[in-house]
Amino acid sequence: NDAPGLAAMKNLIPVARNSQMRIVTREDLLARIYSFPSKFGRVYRAAFEKNRSNPLAGLLFICSIDAQGNITTSPDSLKLNLSKYLNEYRLISDAMDILDAKVINFGVKYEVMIANDADRISVINSINSIIASSMNRASFQIGQPILLDDISNIIINFPDVLSLVSLRVIPRTGNIEGRDYSDATFPFEESLKYGILRGPLGSIFELKFPQFDISGNAI
């Protein structure tokens with residue numbers, strides 16, 4: 001994984017400062033995971049959730065990054081190393097299962113009305129670029145939803161855009177035109193409530209191929 005930038009370091013400092021040399025709180029757990037020695041593997045994202053079927057245990061979801069920079073399943077060797085590492089810090093009564101986070105690939109489709117004197121191709125390309133930047137994988141945590149208002153604000157605040165006609169977030173799965181996506185998905189339209197799209201427990205959203213997965217049309 002790349003060395004953390006300034007923003008990432010700032011987010012980690014309060015967690016590390018407040019953590020103890022044992023795992024008591026959720027923040028302690030995440031601090032231990034993100035300070036895991038890199039020679040044993042690297043966890044890209046982690047999230048802890050309560051086990052609904054067993055109140056005495058927890059669920060730890062993790063994922064990693066592959067050589068191409070895409071979110072992927074963590075190898076079993078990393079899970080084993082992480083389990084041994086966390087065992088040194090946990091309380092004797094604590095128990096947790098280390099599970100793979102489900103990667104949910106998605107795309108964005110929208111249609112806008114623009115000014116008559118505006119260059120349609122230029123406007124669409126510029127909007128697509130801003131959406132891709134704001135929705136990149138570094139912006140998402142495990143369990144974080146997609147807020148359609150965030151995308152809408154990007155589009156309607158762009159110069160020459162008069163109105164947003166339609167906006168959809170769609171699933172991308174399997175192999176599409178030679179591009180491989182995750183097989184994990186869920187019913188997007190049924191799960192969208194009040195402009196918030198929440199994935200299943202232990203899932204993380206990824207806009208894998210923004211140059212193909214963002215589609216805009218100007219009228």
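The values are calculated or read from the model by the stated rules, or taken from the named source; none is laboratory data. Every value quoted in this text rests on a predicted model; they were computed, and no experiment measured them. Because the Cβ atoms are built from the backbone with ideal geometry, glycine has one as well, and the counts that use them run over all protein chains shown. These accessible areas exclude ligands, DNA and RNA; they are computed on the full protein's heavy atoms, side chains included. Shrake-Rupley method; radii C 1.70, N 1.55, O 1.52, S 1.80 Å.
Numbers at a glance
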quantity	calculated
Which numbered condition R120 fails, given (1) charged (D, E, K, R); (2) touching a strand residue (DSSP E or B) at 6+ places or on another chain (Cβ under 6 Å); (3) closer than 20 Å to F188 by Cα	(3)
In the range 190-215, the residues that are open to solvent by less than 30 Å² (accessible area, probe 1.4 Å), within 21 Å of E111 (Cα to Cα) and β-branched (V, I, T)	I214
Helices (runs of 4 or more DSSP H) (entirely within the range 59-164) containing at least 2 residues that are free of Cβ contacts under 8 Å to residues at least 60 places away in the same chain, of a type in the set (A, V, I, L, M) and open to solvent by less than 70 Å² (accessible area, probe 1.4 Å)	76-87, 148-156
Top-ranked residue of the range 37-58 - restricted to ones that are open to solvent by 90 Å² or more (accessible area, probe 1.4 Å) and in a loop (DSSP other than H, G, I, E, B), ranked as nearest to L207 (Cα to Cα)	R42
Test: residue in the range 176-189 that is surrounded by 13 or more Cβ atoms within 10 Å (Cβ to Cβ), touching a residue at least 60 places away in the same chain (Cβ under 8 Å) and in a strand (DSSP E or B)	no
